[in-house]
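These notes are about the structure you will find just below.
The values are calculated or read from the model by the stated rules, or taken from the named source; none is laboratory data. Just so it is clear, the model here is predicted, and its values are computed rather than measured. With ideal geometry, Cβ positions are generated from the backbone for all residues, glycine too; neighbour counts draw on all protein chains shown. Surface areas here come from the heavy atoms of the whole protein model, side chains and all, with no ligands, DNA or RNA. Shrake-Rupley method; radii C 1.70, N 1.55, O 1.52, S 1.80 Å.
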Amino acid sequence: TSVHWHGLDVPEMADGHPRLAVPAGADYVYDFEVMNRAGTYWYHPHPHMQTGPQVYKGLAGLLIVTDDEDAAAGLPSGDQELSWVLQDRRFDAKNQLVYSTAMMDMETGFLGDRMLVSGQERPVLSLATRAYRVRVLNGSNARIYKLGWGDGTPITVLGGDGGLLERPRSQPFVTLAPAQRLDMWLDLSQRPVGATLELRSSAFGLADAGMLMGGMRMGDMMAGASRLPLGAPVPLLTVRVARKESVTSRLPDRLSTFDRTWQAAAGPPVRQIPLAFGAMQWTMAGRKFDMAALAADETVAPGSTHLWEFVNVGGLMGVQMAHPIHMHGRQFRIVSRSGGNPANTLREGLVDAGWTDTVLVLPNETVRVQITFSRHSGLFLYHCHILE
Ligand SMILES: [Cu+2]
């Protein structure tokens, strides 16, 4: 296996590239200094064709980076800081994990039929009448969530993949694609003891995530499809207000000043990268994955700034799919999002502000990102984070 430190800017030899996979029984020391700002990062294996099953069986975890600026924001910490990892799984009659390699799962990604939050199915958390900071990771192989509170309370977003936003923002839902993180504020101070609040993923249309082939769901045509299809509504966990605590916790108006260092670059030309489906394979920029080959337009100077545009073109017969595109190395910014279906209900949950390392490109959309590449030279990856 190999270990990828998702979101961290690390040297080539520590990035977990599949060609540097460590053979079974061998040792390898990942040696790097954390250069990232505070944020919710994570780690998972990255060997070629084995990432899906290895993550599924448990080889993944959170990596929380702290710094002075994050501490100065005065957000809830210690027992008031919670971490929820969302993963869908299938179990057999003996409660053992089932990982299917049916054709359908391999093309659109593996979907479980039971939801786990940090390893527990629909946990009930007993909390107090105060505010909490909640970090959420979508650690699923392929499932997209449309997160919301059961009583319609908006989600107060504090940050995403690359740390805190400049200011909190409130939105009815958060669309969380595989590998993405959400940092949110949960205020229970006005709720009575005994009240409950459910976190759930709301329904969205399969077409919103692009899983349609000539009007038919791809999964219906093949065996092995999940009993919990993509876009099905599903409860995730319940928060129960268990005790009264008189602590005043105020949501800070300003969280970070980090954004001041960011400026939209006008200079660099835009490189277009079509995401397409043909001959039963997904391609990026017309190419399949090659372990070591690079195209000229994939070679960048260390520390240089580029505009890359991901164009979700799909394929014949209306084959379409939402792609969470992850770039290794530096966090980047989303400059613009255009095209696609304006009625796509996953859109209202997107958080395109702040620093990110994984951007969801919805069907027929064009998403332009600005990235300043790492000072570390070497061979790094960019890929769709659906693990199959
Ligand atoms: Cu990753």
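Things worth noting here:
- Considered as a group, the residues in the range 278-292 that are out of contact with any Lys or Arg (no Cβ under 8 Å at 6 or more places or on another chain) and at pLDDT 70 or above include one that is most open to solvent (accessible area, probe 1.4 Å), and that residue is Lys288.
- Residues satisfying the stated conditions in the range 35-71, i.e. open to solvent by 60 Å² or more (accessible area, probe 1.4 Å), closer than 30 Å to Ser246 by Cβ and either touching a residue at least 24 places away in the same chain (Cβ under 8 Å) or touching a Ser or Thr at 6+ places or on another chain (Cβ under 9 Å) (or both): Ile64, Thr66, Ala71
- Contact map, the range 1-20: first residue in contact (Cβ under 8 Å) with a residue 60 or more places away in the chain, second residue in a helix (DSSP H, G or I) and within 14 Å of the ligand (Cβ to nearest atom), Cβ cut-off under 9 Å, separation 6 or more or different chains; pairs are His4/Thr51; Pro18/Thr51.
- Neighbours by Cβ (under 6 Å, 6+ apart or cross-chain): first from the range 227-247, surrounded by 12 or more Cβ atoms within 10 Å (Cβ to Cβ); second among the acidic types (Asp, Glu) and modelled with pLDDT of 95 or more: Pro235/Glu198; Thr238/Glu198
- Set side by side, the residues Val311, Val361, Val319, Val335 differ, and just one is modelled with pLDDT of 90 or more and crowded, with 20+ Cβ neighbours inside 10 Å, which is Val361.
- Elements of type strands (runs of 3 or more DSSP E) in the range 274-388, at least 3 residues being within 16 Å of the ligand (Cβ to nearest atom): 323-327, 358-361, 382-384
- Residue in the range 210-269 that is modelled with the highest pLDDT, counting only those that are part of a strand (DSSP E or B) and in contact with a helix residue (DSSP H, G or I) (Cβ under 8 Å, 6 or more places away or on another chain): Leu212
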